[in-house]
Amino acid sequence: MNYAKYIALTGGSLLFLSVRTNGQQRNTRDTVIQGQTIEIIQSYKPEIARPDKPELTPTLPNIDTTKPRFLYEVPQQTLSYTYHSVPIRPLALGRQEAVTPFQNYIKAGLGNLSTVYIDAGVGSLKGQDYETAFHFNHLSQKGSIANQQTSHTGFDASGKYYTSGHAIGATLGIQRDALSYYGYNHDSFEYARNSVKQVYTGADIKVFGENTEANRWNIWYKPSVAFSMYSDKYNARERTFAFDVPARIAIDSTLSFGLGVEGNFTQLKTDASDRGNNLIKVNPALDIHFPTTNIHLGLSPAWGMDNTAYLLPDLSINSRFFNSGLTLVAGWKGNLIQNTYKQLSTKNPFINNSYDLKQTKSDQVYGGFESALGQHISFGGTVSWRQWKDLAEFVNDYSGTGDGKRFDVVYDRNVQAISLDAFIRYQVGNVFGLSASGSWYNFYHRETFSKVYHEPMLRLGGSMYVHPVDKLHINVNLDFWDGSYARLSNGDSYKLSAYIDLSANAEYNIIPRLSLFLQLNNILGNKYERWYQYEAYGFNIMGGLRFKF
C-alpha cells in the first residue's frame, strides 16, 4: 500500500513538470496575447403584484354614551347711574380707589327784579340695594309793572329698592306757584295785590315696580299707580287717580308683542260745578325688527268722557341706509288730551278755573329723515299733516269787569294744519356745540274761529355751548316766535308782535367744591307778550355761588 502511494506521487510530479516545460517553450514563440471581450446583457422588467380587492361592508359607528358638559359663566349685572373709569397705573403704585364726584350741591343767587334763586340736590344717599334722590328749587321775581310778581317753589324726591330680579320705586312731588293777574289797563283799573293774587299748589305720589332681569317667559313689565291733588286760591280742587300696566314679551330677536292698560280718573270741583274727566286706554302693539328696519304696529281703543269711544293709531317705521348714515321715518300717531285743570293752567297760568271741559283728539301723519355728515354734524326734518278735534285755545275774558286779565278756554271743533319741523346740530366733544331747530305751522282749516288763538305759527330756536378752558362753561340760547293771534273785546283777531328772547349763562369752577355762576335773561330787553296784555319781564341779571359736597 505504501508502494502504491509512492508510485502515484512520482507519476503526478513528472506530469506537472512536463506541462510546465511545454508552456514555457510556447511563450518563447508567442509574444502577444490577443484580448477577448465578454459582454453580459441582462433584461429586467419590473412587475408589481396586484392586491386583492377588499370587500366593503357598511357598519354603524360606535355609540358615544358620554354626555357632554357645557359650562356657562354669566357675569353679574349691576345697575349703575354713574360710570367712573379706572386709570391704568403701574402695579408698584398699589391699588387706587376711584374718586366719587360730588353728588350733593346747593346753588343760590340774587339779581335785579328782586330775584331770589335757590337750587339744591342730594343724590349720595344710596347703598347696594337702594338709591334715593332729593331736589328743591325756588325762584321769585318782581317786575316794574304794578302787581307783576311771580314765584315758583318745588320739591321732588325719588327712590328705588332692588330685590332679586325686581325693583320697587316711588316718586313724590310738591309744588307751589304764586302769581298775579297784572295783565290789564292800569290807567283804567286798579287792584290790590291780594285781590289779583293766584296760588297753585299740588302734590303727587307714584309707586311703581319693574323686573330688572328677564324671566323664563321673557316678559318685561312696569306697573305703576299714582295719586295727585291740585288746587288754586279760588276753591278749585282737582283730584286724580291714575294707573298704567305696560308689558312686553320678546318672541324672538325679530318679533315682540306689547300690551298695556292705562287709566286716568280726574275730578274737578269748583264753586260752579263738579265734573269728571276720565280716560281708559288699551295699548296693544307689535314690533318687528329687521337689520335695518324697525316697524311698530299699534291700534289703541280708548274711552273718554261721556263713554265716547276712540281708535287711536300708533304706527311707525324707520329704515336706515348707507351704513346708518340716513334714516327715513314715517308714521301715524293718535292721542287723546284730557285738558285737565293742571294741564291747562301749567300752559297758561292766567286762566279761569271755571271753563267748559272737553277732551281733544289729535292725529299726526308724518314722514321725514335724519342724517349725519361726518362725526360732528347731524340734521333732519319732518313734514306732518295734523288734525285736532275740539282744540283747546285761550282767549281773553272780557265778561264781568271787562279788563280781560283772565283767559277763558274755548274749543275749535276741527283744526287742520301742515307743519314742518327741522333741526341741525354741530358738536365737537365737550368743547363746542351749536344747534338750531324750527317749526312752522300752516293752519289752513278752522271750523269755529278765524284764527288759532295764542298758538304761534313760527318757532325758531338756537343754542351754543362753549367750554373754552377747563373750569369755564358758557351757554347761549336764542328764541324767535311769530304768528300768534289774540281776540279783542269786540271779537276781532289781533296779531301779537314777533319777539326775540336772548339769554346766556356761565359758570366758573373756582375750586373743586365751589363755583361762580352768572345768568342773563332777556338780554335785548324786549317786553314782548306771550299772552295778550301780559308784558314779559325786561332784562334780568342774576349771579351767585354753587357749593358741591
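Consider the stretch 226-243 and keep the residues that are of a type in the set (A, V, I, L, M, F, W, C) and in a strand (DSSP E or B). The one that is nearest to Ser195 (Cα to Cα) is Met229.
Selection over the stretch 156-187 of residues that are out of contact with any Ser or Thr (no Cβ under 8 Å at 6 or more places or on another chain), under 30 Å from Tyr528 (Cβ atoms) and either in a strand (DSSP E or B) or acidic (Asp, Glu) (or both) gives a count of 1.
Being of a type in the set (Asp, Glu), within 17 Å of Leu344 (Cβ to Cβ) and in contact with a His (Cβ under 6 Å, 6 or more places away or on another chain) is the requirement here; does Asp287 meet it? Considered against the rule, which asks whether it is of a type in the set (Asp, Glu), within 17 Å of Leu344 (Cβ to Cβ) and in contact with a His (Cβ under 6 Å, 6 or more places away or on another chain), Asp287 comes out as no. For Phe480, the criteria (1) aromatic (Phe, Trp, Tyr); (2) at pLDDT below 95; (3) crowded, with 16+ Cβ neighbours inside 10 Å hold in every case but one, which is (2). Looking for something more than 20 Å from Asp244 (Cα to Cα) and surrounded by 14 or more Cβ atoms within 10 Å (Cβ to Cβ) - is there at least one such residue anywhere in the stretch 204-226? Checked the stretch 204-226: no residue is more than 20 Å from Asp244 (Cα to Cα) and surrounded by 14 or more Cβ atoms within 10 Å (Cβ to Cβ). Right, Ile118: of a type in the set (Val, Ile, Thr) and closer than 27 Å to Tyr234 by Cα or not? No: the conditions fail for Ile118. Scanning the stretch 511-529 for residues that are in contact (Cβ under 8 Å) with a residue 12 or more places away in the chain and assigned to a strand (DSSP E or B) yields Leu514, Ser515, Leu516, Phe517, Leu518, Gln519, Leu520, Asn521, Glu529. Within the stretch 374-415, being surrounded by fewer than 19 Cβ atoms within 10 Å (Cβ to Cβ) and polar (S, T, N, Q) holds for Gln375, Ser378, Gln387, Ser399, Thr401, Asn414. None of Tyr465, Tyr499, Tyr494 is under 30 Å from Gly402 (Cβ atoms), among the aromatic types (Phe, Trp, Tyr) and surrounded by 15 or more Cβ atoms within 10 Å (Cβ to Cβ) except Tyr499.
Candidates are the residues of the stretch 250-279 that are surrounded by 15 or more Cβ atoms within 10 Å (Cβ to Cβ) and β-branched (Val, Ile, Thr); the one that is nearest to the chain's Cα centre (by Cα) is Val261. With respect to the stated conditions, Asn283 is of a type in the set (S, T, N, Q), under 26 Å from Trp388 (Cβ atoms) and in the same structural domain as Lys342 (by TED's automatic domain parsing).
Among the conditions (1) in a strand (DSSP E or B); (2) modelled with pLDDT of 95 or more, Trp220 misses just one, which is (2). Considering only residues that are charged (D, E, K, R) and either closer than 16 Å to Gly258 by Cα or without any contact (Cβ under 8 Å) to a residue 24 or more places away in the chain (or both), which ones fall in the stretch 296-345? Passing the criteria: Asp306, Asp314. Against the test of being of a type in the set (Lys, Arg) and either outside the structural domain of Ser324 (by TED's automatic domain parsing) or touching a residue at least 60 places away in the same chain (Cβ under 8 Å) (or both), the options Arg275, Arg248 yield a single qualifying residue, Arg275.
The values are calculated or read from the model by the stated rules, or taken from the named source; none is laboratory data. All figures in this text were calculated on a predicted structure; none of them were measured in a lab. Note that each Cβ is placed from the backbone with ideal geometry, even for glycine, and that neighbours are counted across all protein chains shown.
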